[in-house]
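Scroll down for the structure; my scribbles are underneath it.
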């Protein structure tokens, strides 16, 4: 039973805190610098037993992990559901910390899943890999744009092949001298980023915490290494999803829903989702019908019912989530069974 509740409003340089008792009396409040040394000193002054809460932000996770290592009991708040701390007429760090403490003591704090530090570090690598791919695409588009500006004809599907690009630079007389350094620079960046992409994927695939899990997920038809790694690192564990629909919602594959006075309304695809997982699943779903008869049947059934290509692709992505969740649950059940034995 907790006798004290601590609200933490986290920022880059300072953390505002408010300590309240169960009946709402303020025991202490103030600010502490967002450094490990200062937090270590501060946590010793908090009366025990206590439970703390903080909103999920860019700066929250390292503070969460650090205080948890010191034996603190903390909860991470779901950013989209903590509207109460910013909907008032007056807003300040002190008010936000007090409101979080009140939500905790009233058992109304909307906590969310927090990935483990080990998987969190690997997830950062996977997200960095995505930024590498995006940057590589930007340089590819820049190369095509430079050629189009000069009216140079080229084969779109072969443009970024090393041999074809060298032949184009050597034999095409319409490639201006002033343009050659720019094209060469773009090509060097594309090749460098491609090597970084491959190195990151190899490193993640061979990681001992991921290798067996990724191997189990890639047994699903049309699921490759990138899809399996993204699913494993963005979801953390399949136990967080009570149903397939919740997993589909987390992946951003379901529409927003409103109901009032008996009237129901479905909106477009909700913006409350994991954008990294959504992007990978949609791209995988576009290619999946060519690699899986089951997913091809899902696509064709949706199209036959009158859906356009995008809606049919969403149906395929939802089915892929169902397959991934089932395979992931089976892997964890087998792994836990072996550990228990």
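The values are calculated or read from the model by the stated rules, or taken from the named source; none is laboratory data. Since the structure is predicted, the reported quantities are computational estimates derived from the model, not experimental observations. Cβ coordinates were reconstructed from backbone atoms using ideal geometry, including for glycine residues, and neighbour counts include every protein chain displayed.
Residue by residue, here is whether (1) within 24 Å of residue 134 (Cα to Cα); (2) loosely packed, with under 15 Cβ neighbours inside 10 Å; (3) in contact with a helix residue (DSSP H, G or I) (Cβ under 9 Å, 6 or more places away or on another chain) holds:
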position: 262; (1), (2), (3): no, yes, no
position: 274; (1), (2), (3): yes, no, yes
position: 299; (1), (2), (3): no, no, yes
position: 314; (1), (2), (3): yes, no, yes
position: 318; (1), (2), (3): no, no, yes
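Condition first: touching a residue at least 40 places away in the same chain (Cβ under 8 Å), outside any helix (DSSP H, G or I) and over 15 Å from the mean Cα position of the chain (by Cα). Now tell me which residues in region 221-253 satisfy that.
Correct list: 221, 222, 223, 224, 241.
Please determine whether any residue of region 273-287 is within 24 Å of residue 321 (Cβ to Cβ) and not in a helix (DSSP H, G or I).
yes
Name, by its number, the condition in (1) modelled with pLDDT under 90; (2) surrounded by 13 or more Cβ atoms within 10 Å (Cβ to Cβ) that does not hold for residue 88.
Residue 88 satisfies all of (1) modelled with pLDDT under 90; (2) surrounded by 13 or more Cβ atoms within 10 Å (Cβ to Cβ) except (2).
Only one of (1) within 30 Å of residue 120 (Cβ to Cβ); (2) loosely packed, with under 11 Cβ neighbours inside 10 Å; (3) touching a residue at least 12 places away in the same chain (Cβ under 8 Å) is not met by residue 338, so which one is it?
That leaves (3) as the condition not met.
Is it fair to say residue 256 is under 27 Å from the mean Cα position of the chain (by Cα), assigned to a helix (DSSP H, G or I) and not assigned by TED's automatic domain parsing to the domain that holds residue 79?
no
Restricting to region 291-309, what's the tally of residues that are under 20 Å from residue 230 (Cβ atoms) and either touching a strand residue (DSSP E or B) at 6+ places or on another chain (Cβ under 9 Å) or in a helix (DSSP H, G or I) (or both)?
Of the residues in region 291-309, 1 are under 20 Å from residue 230 (Cβ atoms) and either touching a strand residue (DSSP E or B) at 6+ places or on another chain (Cβ under 9 Å) or in a helix (DSSP H, G or I) (or both).
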